[in-house]
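Visitor: One structure follows; several queries about it will come next.
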Amino acid sequence: MSRIVMAFPTLSDAATVTDSNGNATYPIANALKQQPRETVRTADNTDSYYTVDLGAAKSINCIMLLYTNADSATNWRIRAATTEAGLTASPVGYDTGTLQHWPPSATSPVDNSSWTRTHALHLPATAQSFQWWRIDVTGLSGLSYYEFGRLYISTAYKPARNADIGLKIQYNDSSDGIDTPGAHYRRTGKQWRTVVARLSFRFESEAYDDWLAMDRAIGGAGDLVVVTDPADRVMDRLIYGYLDGIEALDHGVWNVANASNLHTKQYTITEFELP
C-alpha cells in the first residue's frame, strides 16, 4: 500500500490557464472554481490541450483533472518546461508520454465504467520544478465533448510515514423513503464519502511545516484532495472535499534524540459529491 497523499490547489488556482478548444458556455475559468458542477467543456470531440502558467517555477508532484467524462479510450499527456514554447520542443523538460486517462488499478484490469465520472491522477516519481505546464487530452472519438470539473497542479503533502491503522472511508447517502397507504417508495438522494485519517508520532518539522501550513492554506472554506492509496483502486480512494472541522494538534511525549515532541493530528475530509 502506498502512502496517503493530500493536495490543495493554491498554485494552480493562482495560475493563468488557457484551453485550445473551449466552449464559451463552459469556460476554462471553471477549472479554478471549487464547485465541480461548474465544468470546463470542449467545443467538440477533437483532441484538446490546456496550458498552465504558474508565474514562476514551482515544485510540482501532483497533477489532477477531477470529475471528468473520460471513457476507456481517453488518454492524457502531461508536459512541463521553462517556457511556453518549450512545451512542444524536443527535448521537453518533463514529459509523461501518453497515459490512460482512467486511473490505474494494480490488482485488476482498469475498468472504471461503473462510475458516472472519473478522476485523472498523475504523481511524478520526483517533484518537477517548472513554470509552464501543458495537459493534452486525446482519444475522444467516443464522446461528444470532453468535460472536467476541477484542475489541480500541486505540491502535495506525502507524510514521512503512512496514516495510522484504522483509516476510515465511509459512504454517505441522503436517500430517504415515503410511505403511502399502499406501499413504501424510495427517493434517490445525494451520495458522498468521508475519510478519517490519523497521523501519529511525527516530529515538529512535519507537524508545523506540513499540517499547520495546510490548515492555514485550506481553512474551513477551501478544498483539498486526499488519496488514501494512489497506487491502486484510485477511484475508490480519491476524495475531493473539504476539512470537516480543523482538529487540534496534539503535542505528545518528548523525543530526546530529535529534540521534538511527537505530534499527532486527525483529519476528517468530507467529499463534495460522489463522482
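Visitor: How many residues are of a type in the set (Val, Ile, Thr) and more than 22 Å from PHE272 (Cα to Cα) when one looks only at segment 187-246?
Guide: The first filter runs over segment 187-246 and keeps only residues of a type in the set (Val, Ile, Thr), leaving 188, 194-196, 218, 225-228, 234, 239, 246.
Subset that is more than 22 Å from PHE272 (Cα to Cα): none.
Residues in segment 187-246 being of a type in the set (Val, Ile, Thr) and more than 22 Å from PHE272 (Cα to Cα): 0 in total.
Visitor: Taking interchain pairs and intrachain pairs at least six residues apart, which have beta carbon atoms under 6 angstrom, with the first residue in segment 127-149 and farther than 21 Å from ASP13 by Cβ and the second of a type in the set (Asp, Glu)?
Guide: Correct list of pairs: THR138/ASP47; GLY142/ASP71.
Visitor: Sticking with this one: Hey, does segment 127-142 have a residue that's assigned by TED's automatic domain parsing to the domain that holds TYR50, farther than 29 Å from GLU84 by Cβ and surrounded by fewer than 14 Cβ atoms within 10 Å (Cβ to Cβ)?
Guide: Looking for residues that are assigned by TED's automatic domain parsing to the domain that holds TYR50, farther than 29 Å from GLU84 by Cβ and surrounded by fewer than 14 Cβ atoms within 10 Å (Cβ to Cβ), one finds at least one in segment 127-142, hence yes.
Visitor: Oh, and also: Give ALA127, ALA156, ALA120 a once-over and let me know the one that is among the hydrophobic types (A, V, I, L, M, F, W, C) and closer than 20 Å to THR46 by Cα.
Guide: Going through ALA127, ALA156, ALA120 in turn, the sole match is ALA120.
Visitor: Could you pull out the residue among TYR242, TYR208, TYR171 that is without any contact (Cβ under 8 Å) to a residue 12 or more places away in the chain and of a type in the set (Ser, Thr, Tyr)? Quick ask: steps written out before the conclusion?
Guide: Working: TYR242 fails: without any contact (Cβ under 8 Å) to a residue 12 or more places away in the chain; TYR171 fails: without any contact (Cβ under 8 Å) to a residue 12 or more places away in the chain.
Among TYR242, TYR208, TYR171, only TYR208 is without any contact (Cβ under 8 Å) to a residue 12 or more places away in the chain and of a type in the set (Ser, Thr, Tyr).
Visitor: Same structure again: Name the residue that is surrounded by the fewest Cβ atoms within 10 Å (Cβ to Cβ), counting only residues in segment 175-202 that are farther than 21 Å from GLU271 by Cβ and touching a residue at least 60 places away in the same chain (Cβ under 8 Å).
Guide: Among residues in segment 175-202 that are farther than 21 Å from GLU271 by Cβ and touching a residue at least 60 places away in the same chain (Cβ under 8 Å), the one surrounded by the fewest Cβ atoms within 10 Å (Cβ to Cβ) is PHE201.
The values are calculated or read from the model by the stated rules, or taken from the named source; none is laboratory data. For clarity, every value in this text was computed on a predicted model and none was experimentally measured. Neighbour counts run over all protein chains shown; Cβ positions are idealised from the backbone, glycine included.
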